[in-house]
1. Could you tell me whether Arg458 is surrounded by 15 or more Cβ atoms within 10 Å (Cβ to Cβ) and in contact with a helix residue (DSSP H, G or I) (Cβ under 8 Å, 6 or more places away or on another chain)?
2. What is the number of the single condition among (1) without any contact (Cβ under 8 Å) to a residue 40 or more places away in the chain; (2) closer than 30 Å to Gly194 by Cβ; (3) open to solvent by 20 Å² or more (accessible area, probe 1.4 Å) that Glu74 does not meet?
3. Restricting attention to the stretch 502-514, does a residue exist that is open to solvent by less than 30 Å² (accessible area, probe 1.4 Å), at pLDDT 95 or above and hydrophobic (A, V, I, L, M, F, W, C)?
4. For residues in the stretch 559-592 being in contact with a Gly (Cβ under 6 Å, 6 or more places away or on another chain) and in contact (Cβ under 8 Å) with a residue 60 or more places away in the chain, which is least open to solvent (accessible area, probe 1.4 Å)?
5. Checking the condition within 30 Å of Leu17 (Cα to Cα) and not β-branched (Val, Ile, Thr), which residue from Ala660, Ala642, Ala616 passes?
6. So, in the stretch 453-473, how many residues would count as being more than 14 Å from Phe556 (Cα to Cα), of a type in the set (A, V, I, L, M, F, W, C) and in a loop (DSSP other than H, G, I, E, B)?
7. Taking strands (runs of 3 or more DSSP E) that do not extend beyond the stretch 152-270, which have at least 3 residues that are surrounded by fewer than 18 Cβ atoms within 10 Å (Cβ to Cβ) and touching a Ser or Thr at 6+ places or on another chain (Cβ under 8 Å)?
Amino acid sequence: EQLNNTYDPAIYDQYLLNVDFAPADKFNFYTQIVADPWSWVGTTGEQIQQSDIGGEFIRYNLKYFGAFNSAINENYRTNTGDSVGLPIIKVHDGHTTQQVVHGFFDFNQPTNGIPFTIPELDVDYEFRPIRKFWMDYNEDQWHARVFALADQTQALTTDDPLELSNHRDYWQQSPWLYQYVPVQYFTDGSIKRGYYSDSLSFLARDSEGNRLVLLRGASVEADLGSTYLAATFASPYTPWDEKYFAGDNVPGAVRLKHQATNRLMVGGVYTFRSGLIDNGMADVGQVLGVDAKYQINEFTDMKAEMATSRREKEIKTNDFIITDTEGYAYRAIVDSKFDHKGDGETKLHLSFTQMDQHFEPLLSRYTNTRDDHFWGKNLTFMEYSPELEYFRIGDGIDANRMTVRFNWKEKIFRDSFFNLFDVRNVHKASNYAYKETVIRDEATYKISKKWTAKGMFRWHGMPKTTRNVEPFIANFYVADVVDPEFQNLEIREDLNADRFTYAGGLQYQINKQWTAEGIIQLTNDIPDFPRGLLNSTFRNANDRVDSLLIDHITNFLYGQGHLGAVPPYEYFTVTRERLIYKPEDRLTVTIHAAQNGYKYAGGIDDNINHQGLSIAYEYNEKLSLFVDGSHLNVIDLPKLIATNYTEHDFRDHYNFYASADYRLNSHQLFRAEYGVLGLGADTPQVSVYSTTGISFPTIDTEHLLRVSLTGEF
């Protein structure tokens, strides 16, 4: 409420009970019962609220979450098509607090949007401690599972070349958890088509990242020697669903594979998703794919798949609104691997992928895997989870895209030299218009036992700019919109939007105690953060599809010129240094620093302008200590916006963090912490998603003392 990041999701009580029970040889029951703040939920029930000046109304249902002791923030549409954002609303003594909110698009008022007074409302609480509950039946060649409640790991992930079920980024929730939002009608005659929303499944997660939108359904898996079958049918269940048997959509998938010969495998995938209104189908999407894998020789495999999708929307409406679309997708892959007899190996990948504009695999999401990750554009000597390497470089694949990709990995000189070359070329599938070309080459050379060198070149080629259209911003997601464009009135026509990065680094292990690292990058690749924060929307009420007036929300970026984010982009230099002193195995002292020529860079990684000192000390097998003190120089972005981009206030900030871990035994850990520091590979709390050495979720010291006891009891 004071606009300071003082919320710490790791402060809570939790009681967790796992019950694994096998009453017979072939039957098994599993239950997970959790009592914590996320187990307490509630709703106010559906409400209708008129605006303070009349003429407009919204229908809403506030959703209480015990972890926040508040009703969550959501967006609702009015009868006129305006959008009203409800903030997090505090709950006191069983009822919400009164709020005044305003419409976003301000159709009828030259002021600050039409006001709505949200009154105090009673919350109907419910305690939901069961997170998992299922029954297994096991045979030698097959097993089945019926799950009354289960997490997203029960969604079927298919291994076909197009990955038609459960394809997503590593940090994302499964598309199986999305909710169906029915068609909405507005007073100007326009409609907002029904779509599958990821908002609740993104928000509903505990501090450990566990998704709290659950699945209810059944699965079966059979391995019959040369034939493999897997199928899952489920329905998402949010913490605020009032009726267990009344879901809003049902997804399902079937995967079949058959080893026809020693070299040939043939298979198929079928997926479907049905959006429901009052238990009747309102939206049906189906995908059918056939694929094959052929081993050409001991070094080379070839895979291919062809798929078709069909989606019927607004089935329960009149014939004028009902739509029926079909689309196709194709993918062919050649993979080769050559061993150099102990002197390294060669891996080659060549693929062609095309997804039509109307191809809709509703159980997979490709938007966040088509582009390179922000942390994948930088050199680093840090080691991160090998599982993340698959996601680091984008593959260019998404709806309305035709992509050719070539990837070459080479290890030679007894693994002392490694080179990665990757190129992808993307065109629009609808009209073959040029979309992008991304070329990168990364090399790592172990010069000697002490010296390691790294180098990288990356080029992101783009077509010449179109007036008022943002050329590129990664991972912006607009629900149910294929390949959206974002307006930016600061973009002029025929500008060069290409981005280049040149980087090099050296690591020198001076001796057993001292290691020095330095990396320098010259680039004009302006990061998406924080410039992506300067975005908003407007409603274009003139868009028509086949003479049907479609409600269309257009995203736009603003203020980009003041952040240096208008092409042609200017080059800037980023240098990073680390000096590591390790006099013994128990003690590590690290001096880390970065100088970033892009003054607006944020603290999401270690490229932010800073100087810091970290000390990690393992006193004995039970006690370990960690301290970090850093000085940061960051622009006050809210002030920049509030002053109409006239005041560039680059303030100095100081962040101090300390922690002490005491291991009671192999299963229990006591931790005391002061302050806040990000989850990075060089910090005490390292997660499987740690991709940078250090990050700063807070840039000033948070005067917060936290003690915790975790483990199995």
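The values are calculated or read from the model by the stated rules, or taken from the named source; none is laboratory data. Everything numeric in this text was worked out from a predicted model, so none of it was measured. Backbone-built Cβ (ideal geometry, glycine too); neighbour counts: all protein chains shown. Just so you know, the surface numbers come from the protein's heavy atoms only, side chains and all, with ligands and any DNA or RNA stripped out. Shrake-Rupley method; radii C 1.70, N 1.55, O 1.52, S 1.80 Å.
1. On the way: surrounded by 15 or more Cβ atoms within 10 Å (Cβ to Cβ): yes; in contact with a helix residue (DSSP H, G or I) (Cβ under 8 Å, 6 or more places away or on another chain): yes.
Yes: the conditions hold for Arg458.
2. Only one criterion in (1) without any contact (Cβ under 8 Å) to a residue 40 or more places away in the chain; (2) closer than 30 Å to Gly194 by Cβ; (3) open to solvent by 20 Å² or more (accessible area, probe 1.4 Å) is unmet by Glu74, namely (1).
3. So far as the stretch 502-514 goes, yes, one or more of its residues are open to solvent by less than 30 Å² (accessible area, probe 1.4 Å), at pLDDT 95 or above and hydrophobic (A, V, I, L, M, F, W, C).
4. Out of the qualifying residues, it is His592.
5. Details: Ala642 fails: within 30 Å of Leu17 (Cα to Cα); Ala616 fails: within 30 Å of Leu17 (Cα to Cα).
The conditions single out Ala660.
6. Residues meeting the conditions: 1.
7. Values: elements: 179-181, 195-197, 214-223, 227-237, 249-259.
By residue number, 249-259.
Here is a yes/no grid of residues against (1) at pLDDT 95 or above; (2) within 24 Å of Arg365 (Cβ to Cβ):
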site	(1), (2)
Gly247	no, yes
Val250	yes, yes
Gln259	yes, no
Val287	yes, yes
Ile315	no, yes
Asn318	no, no
Thr323	no, yes
Tyr328	yes, yes
Lys341	no, no
